[in-house]
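Below is one structure, written out as structure tokens, with a few remarks after it.
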Amino acid sequence: MDLVVPILYALIFLLTIISINLFRRSPHKNLPPGPRPWPLLGNLPTIFTSKTPPHLTFTNLARTHGGLMLLWFGHKPVVFVSNKAAATEVLKTHDRALSGRHVPASFHFPEKLQTSLVWSDCDAYWKQVRRVLRTEVFCPTMLRAQEGVREEKVRELVEFVRSKEGKAVTIRPVVFGTILNVLGNAVFSRDLYDLGGRGDVVGLELLIRELLVIGATPDLADYYKILDGWDPQRLKKEALVRLDKVDKLWEPIVEERKRERKLNDNNKVAECMDMLDVLLDNNYNDAEINSIFLETFGPGSESSSATAEWVMSELIKNPTVLARLRQELDNEFGHSKVTGSHRLAKLPYLSAVIKEVMRLHPAIPFMLPHKAVETCQVLGYTIPKGFQVQLNAYAIGREPEAWPEPNTFRPERFLESDIDYQGNHFELVPFGAGRRICPGMPLAMKNTPFIVSTLVHEFDWNIPGDTPPEKLEMNEQLSIALTKDPPLCLIPKLRRVVS
């Protein structure tokens, strides 16, 4: 026992010397600028002693050090991409060289990485899954075929809200439940959430949120190579427990579908083709199906519900914007219910409102981390092979050089431009761009406008108490998704009976 303290001191001294040599004698020259790192800790003291949330901390640092900024998380270098110019270089010019994926230590399971679309490199399997999702799952034909089910789930949301008329309703959970049911029917033709009673009927919501919390937790094993293969915070163990639980949720659903298809000579058995049918038709095995399911539900449900909450929050806070949107919806639908994605797509102000919300409040402010698969030059700086590259969509959406009055909610700016969110304009990247753009974007952009326009068209909404709209709190809270803090709570009043 007498040797423990001297050994610890010696280890700390050794790591400090190694850190000093690492930072001062890096073999890489002309790295992007950034704040000076501390020995051993890198820039962690700057990050973790900040009094602002992480998305604001990194955005403020980028305003000082530039749109391409290097931070050291312990011994791990991370290049932050925080403006349009840098995003264009990373996501377009050097898309291939920077399209690798940095896998967090807490999710580094080799057997699961082989079947992951999110965490795998851009290999043959990744390309095949992307192609199937693009051409058979999130394609226009499939989305049109599923429109009736989406409308049914949104009508269930309306009925739930009507039952709460005059009472306070917390917006995000009910939208989350609706999104979960839309996704459940798109994926395997069944509901997963009971709005009026039990809530999450299979336990998926809790598991998704726990996995997101694990993914957002700073992990020492990520910051120091000496901890490779270790799990000092037990995050990897906790993640594996939950991943196995999620896999078990899908097992009976997949097995039941296989039995039904066998009885029907491998023909589809749901009312319309769903993702599970497509995956079985393409001979994906159970592990591959489990992985694709999780990566569809995880980001899809959380990000869409967060976006819808922010849209409703900005509309309540800005009554003139709400009035203009209502007028557009009234002109299109009158006393009829909102229906038809093709009709919603023709409403320019609705589109402008949603784009402006995604600019100001991107649901996922930090895209999943890229990795340089080869050394390249970006904006005159070197990004060495193996460096992590982190896209900051929050900072990009508030870049003063790209957006006049960047902190002001003004949807009209999108009526004056052709900027979209589909990866063609690098000042607005809520879904990413290039090879790693979110494959579920087409479905997400059917769900959010549909839900928001229905809530606006059929209900008036009031803030509980005497709070005037302009005083509504708009504080942001970040785990993986950027959500409103406190959550938006409103009192609905039926505005019109629709047919």
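The values are calculated or read from the model by the stated rules, or taken from the named source; none is laboratory data. Not measured: the values here are computed from a predicted model. Here Cβ is always computed from backbone atoms with ideal geometry, including for glycine, and neighbour counts include all displayed protein chains.
See the values below:
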| read-out | value |
| --- | --- |
| Scope region 217-246; condition acidic (Asp, Glu) and modelled with pLDDT of 95 or more; matching residues | Asp219, Asp222, Asp231, Glu238, Asp244 |
| Some residue of region 140-154 being under 20 Å from the mean Cα position of the chain (by Cα) and in a loop (DSSP other than H, G, I, E, B) | no |
| Sole exception among (1) over 26 Å from the mean Cα position of the chain (by Cα); (2) surrounded by 11 or more Cβ atoms within 10 Å (Cβ to Cβ); (3) at pLDDT 95 or above; (4) farther than 23 Å from Gly397 by Cα for Pro32, by number | (4) |
| Matching entry among Thr307, Thr320, Thr296 (being among the hydroxyl-bearing types (Ser, Thr, Tyr), part of a helix (DSSP H, G or I) and more than 22 Å from the chain's Cα centre (by Cα)) | Thr320 |
| Subset of region 107-122 (residues that are over 24 Å from Leu220 (Cβ atoms) and of a type in the set (S, T, N, Q)) | Gln114, Thr115, Ser120 |
| Residue match in region 423-434 (condition: of a type in the set (A, V, I, L, M, F, W, C), buried (at least 23 other Cβ atoms within 10 Å of the Cβ) and under 26 Å from Asn185 (Cα atoms)) | yes |
| Selection count, region 215-249, where residues are touching a Pro at 6+ places or on another chain (Cβ under 9 Å), in a helix (DSSP H, G or I) and of a type in the set (Asp, Glu) | 1 |
| Selection from region 343-378 of residues that are under 24 Å from His94 (Cβ atoms) and among the β-branched types (Val, Ile, Thr) | Ile364, Val373, Thr375, Val378 |
| Unique match (being under 21 Å from the mean Cα position of the chain (by Cα), surrounded by 19 or more Cβ atoms within 10 Å (Cβ to Cβ), closer than 22 Å to Asp274 by Cβ and not acidic (Asp, Glu)) among Ser99, Ser116, Ser82 | Ser116 |
| Single residue of Glu374, Glu405, Glu470 found to be in contact (Cβ under 8 Å) with a residue 12 or more places away in the chain, of a type in the set (Asp, Glu), out of contact with any Phe, Trp or Tyr (no Cβ under 7 Å at 6 or more places or on another chain) and over 30 Å from Ser106 (Cβ atoms) | Glu470 |
| Region 161-211, subset among the acidic types (Asp, Glu) and over 17 Å from the mean Cα position of the chain (by Cα), residue farthest from Val137 (Cα to Cα) | Glu165 |
| Failed item in (1) at pLDDT 95 or above; (2) in contact with a Gly (Cβ under 7 Å, 6 or more places away or on another chain); (3) of a type outside the set (Ser, Thr, Tyr), with Met367 passing the rest | (1) |
| Pick from region 209-234, criterion of a type in the set (A, V, I, L, M) and either without any contact (Cβ under 8 Å) to a residue 60 or more places away in the chain or farther than 19 Å from Glu302 by Cβ (or both), ranking: surrounded by the fewest Cβ atoms within 10 Å (Cβ to Cβ) | Ile226 |
| Which numbered condition Ser106 misses (of (1) touching a Leu at 6+ places or on another chain (Cβ under 9 Å); (2) surrounded by fewer than 20 Cβ atoms within 10 Å (Cβ to Cβ); (3) hydroxyl-bearing (Ser, Thr, Tyr)) | (2) |
| Residue in region 172-179 that is of a type in the set (Phe, Trp, Tyr), assigned to a helix (DSSP H, G or I), on the phi < 0 side of the Ramachandran plot and in contact (Cβ under 8 Å) with a residue 60 or more places away in the chain present | yes |
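Here is a yes/no grid of residues against (1) modelled with pLDDT under 95; (2) under 23 Å from Glu256 (Cα atoms):
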{"position": "Val132", "(1), (2)": "no, yes"}
{"position": "Glu156", "(1), (2)": "no, no"}
{"position": "Leu192", "(1), (2)": "yes, yes"}
{"position": "Val201", "(1), (2)": "yes, yes"}
{"position": "Val213", "(1), (2)": "yes, no"}
